[in-house]
1. With charges only on Cβ, +1 for K and R and -1 for D and E, what is the dipole size of region 145-197 about its Cα centre, in debye, rounded to 20?
2. Quick one: if the Förster radius is 30 Å, what FRET efficiency do Thr238 and Ser291 give, using the C-beta to C-beta distance and rounding to 0.05?
3. For region 110-166, report the accessible area per residue in Å² (1.4 Å probe, heavy atoms, rounded to an integer).
4. Looking at Thr251, Trp101, Pro148, which one has the Cα that reaches farthest to the positive end of the dipole of the chain (charges on Cβ: Lys, Arg +1; Asp, Glu -1)?
5. May I have the pair-distance distribution P(r) for region 63-121, computed from all Cα-Cα distances with 10 Å bins from 0 and rounded to whole percent?
6. When only alpha-carbon atoms are used, what values of Rg and Dmax, in angstrom, describe the chain?
7. Counting only protein heavy atoms, what percent of the accessible surface of the chain is carbon or sulfur at a 1.4 Å probe?
8. In nm, what is the difference between 0.36 nm times the number of residues separating His182 and His48 and their Cα-Cα distance?
Amino acid sequence: MSRLARIASCAVLTLCVVGCVVASGCGLGPGGGSTGTSLTVTLDFGEHTLLDTGTPKTAGQETVMRLTQRNAKVKTSYSGGFIQSINGKSGGRPGGRPTDWFYYVNGIEAPKGAAATDVNDGDRVWWDRHDWGASQRIPAVVGSYPEPFVHGQNGKRYPVLVECADLASAPCDAVVKALTKHGVVAARNGIRSSFVQHSLRILVGPWVAVRDDAAVQRLEAGPAASGVYAKPSKDGKTITILHPDGTTAQTLGAGAGLIAATANESDPPIWMVTGTDAAGVAAAAAALDESTLHDRFALAIMDGRGVHVPQVTP
């Protein structure tokens, strides 16, 4: 997939608007509409909510574009090819920073425009307008949990693997139980001890134990490499939380946990339930909850409280 299709970047007036291609092809096919669908529209990495409904208006086989237009006030540009604003909030360069609309289905960045992406039963569609200067691509987010584990991607469910540094640990048990609560059957294995093609993997353990995975290790290089605004140190003793522009917000030490997701190209996401030590991993595993993760791109945990990733407010 070309860069244009992935992030819908435009050079005109330095405006980059993401998420929608030509409005033609926005289907209104037969049927009663997708069931169990939700639609969320937020600003600034989920910090501010414009729309959050578990019962959006639908009509027949919807695309993401039509679903959004049916439930929100949408303005397009380039002959209807791109979304310019939702409910009066536009992309642009406020304060000189590039800011535009991006969308995710079941916590996965869509590889196609919104007019070319069908909505399937149970899909969680999430639009967010945010600063993309530090990372042009955020392949996966955790704020649609328990997706993508329940409904997968494009109507296809994936096998789920929970890979634990310590198979007998309480955090490993907690993650498996959290998935079971949502009807997800997950195999439990050691980290990188088995291979199932096109599977959803959750790595559970201290950072020093999970970082051997090449995709996961990219977190150490920052959001431009991984799409995650948290940088664990190579020795796993600290986790640096970043602002949207990529600058340091704060650095967490002993007892810090992290729940984040990334992906290799078009592969299914890899989730991490990790931390600086055993206490941090336990805190992260305890936070694997729908209400705790709701609308979060990633979440760190320190001293029993959630730390938003990225950290939008000073």
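The values are calculated or read from the model by the stated rules, or taken from the named source; none is laboratory data. Not measured: the values here are computed from a predicted model. Virtual Cβ from ideal backbone geometry, glycine too; neighbours counted across all protein chains shown. Accessible surface is based on the protein model in full, side chains and every heavy atom, while ligands, DNA and RNA are left aside. Shrake-Rupley method; radii C 1.70, N 1.55, O 1.52, S 1.80 Å.
1. The dipole magnitude comes to about 160 debye.
2. 0.60
3. Averaged over the residues of region 110-166, the accessible area is 30 Å².
4. The Cα lying farthest towards the positive end belongs to Trp101.
5. In whole percents, the pair-distance histogram is 21, 53, 24, 2.
6. Gyration radius and largest Cα-Cα distance of the chain: 18.8, 57 Å.
7. Answer for the chain is 52 percent, counting heavy atoms of protein chains only.
8. Difference between extended and current length: 45.6 nm.
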